[in-house]
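Here the structure comes first, spelled out in structure tokens, and everything after it is commentary.
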Amino acid sequence: MSAGDVPNTAAERREALKRVYAEAHACTLCPELASTRKNVVFGSGNADADLMFIGEAPGASEDEQGVPFVGQAGKLLEKLLGEVGLQRSDVFIANTLKCRPPGNRDPLPLEIENCRSYLYRQVELIQPKVICTLGNFATKLLRDDKTGITRLHGQAELLEVGCRVVRLFPIFHPAAALYTPRMLQTLREDFLQLPDLLAMPSPEQPEWLDPPEPAPEQTSAGSGAGPEGVAEEAVSATEAEPDQLGLF
Ligand code: SF4
């Protein structure tokens, strides 16, 4: 998808996001993840959100329920959102990787590359003004730089993500702040900047941005489904399971 292919209205973008969800739902690009996951954790929330959170990868509870940030870290995220006048249904929450790595191992470089297109298309269709990366992993990945979250948290910068320019605002991962009061205080202070960031106009979108690489074709062993088979499954998944999207 290039910038010129993105639908105009919020309703059209939401429908397009459902199609991306359905495609991810049937995705087998990472054979190990596809064979061990219980659910594809696509992301959930407002399909027209100004604020998007991006974490690393689903954990056991997320894999079980198919929804990101459902445990204690999710509760803390909701509490901090509430403190700045927002609720979960106002934002969209996703991960860089849509399937749980077995045993919570680190995602492999190829898995990250395989899944990058889904994340980029989410950003292109949701069109957030602000993206909060949660913790080191997502921050380093989106910035394509090794600088860690301790140095970067709480500082907004303009960044190209796929075909969009967004305000990137890295913050500590809520899971890291759960048992460390000092980190929680820092996270809370960073959250307090969010209303001002969201009140700013959307970053200007330059015409010259290169479109992202298209998703690789699904050729992994075991799926038996080429691109056509995936498309058919994707359509039926959309029709059969619209509520699983968790889109408000
Ligand atoms: S590319 Fe993403 S959705 Fe597809 S199998 Fe890999 S992690 Fe899952």
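Rule-based calculations on the coordinates, nothing more; no lab input. These numbers were taken from a predicted model, which means no experiment stands behind them. When we count neighbours, we look across all protein chains shown, and the Cβ atoms used for this are built from the backbone with ideal geometry, even at glycine.
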Shape call for region 60-167, from the Cα gyration tensor axes a ≥ b ≥ c (a/c under 1.5 means rounded, otherwise prolate when a/b beats b/c, else oblate), comes out rounded
Site A10, offset 7 angstrom along Cα→Cβ, radius 14 Å on amide nitrogen, limited to region 129-145, gives 129
Most packed first (mean Cβ within 10 Å per residue), the peptides 43-52, 178-187, 84-93 order as 43-52, 84-93, 178-187
A chain fully extended from Q205 to N104 at 0.36 nm per residue, minus the present Cα-Cα distance, gains in nm 32.7 nm
For region 57-191, the charge dipole (Cβ of Lys, Arg +1; Cβ of Asp, Glu -1; about the Cα centre) points to a positive end, and the Cα of G71, L97, V130 closest to that extreme belongs to V130
Excluding residues fewer than 8 positions from K75 in its own chain, the lysines with Cα under 28 Å of it are K18, K38, K98, K129, K140
A student applying the Cα gyration tensor rule (rounded when a/c is under 1.5; otherwise prolate if a/b is larger than b/c, oblate if not) would label region 1-132 oblate
Quick calc, region 86-148, dipole around Cα centre from Cβ unit charges on Lys, Arg (+) and Asp, Glu (-), nearest 20 debye, gives 120 debye
Toy charge model, Lys and Arg Cβ at +1, Asp and Glu Cβ at -1: region 124-176 dipole around Cα centroid in debye, rounded to 20, equals 120 debye
A chain fully extended from Q185 to E113 at 0.36 nm per residue, minus the present Cα-Cα distance, gains in nm 22.5 nm
Treating only Lys and Arg (+1) and Asp and Glu (-1) as charged, each at its beta carbon, one finds that region 30-158 has a dipole about its Cα centre, in Debye to the nearest 20, of 160 debye
quick shape note, region 97-156: Cα extents on principal axes in Å, largest first -> 33, 29, 17
Residues of region 44-65 with backbone N under 19 Å of the label point set 7 Å from the Cα of E83 along Cα→Cβ are 52-54
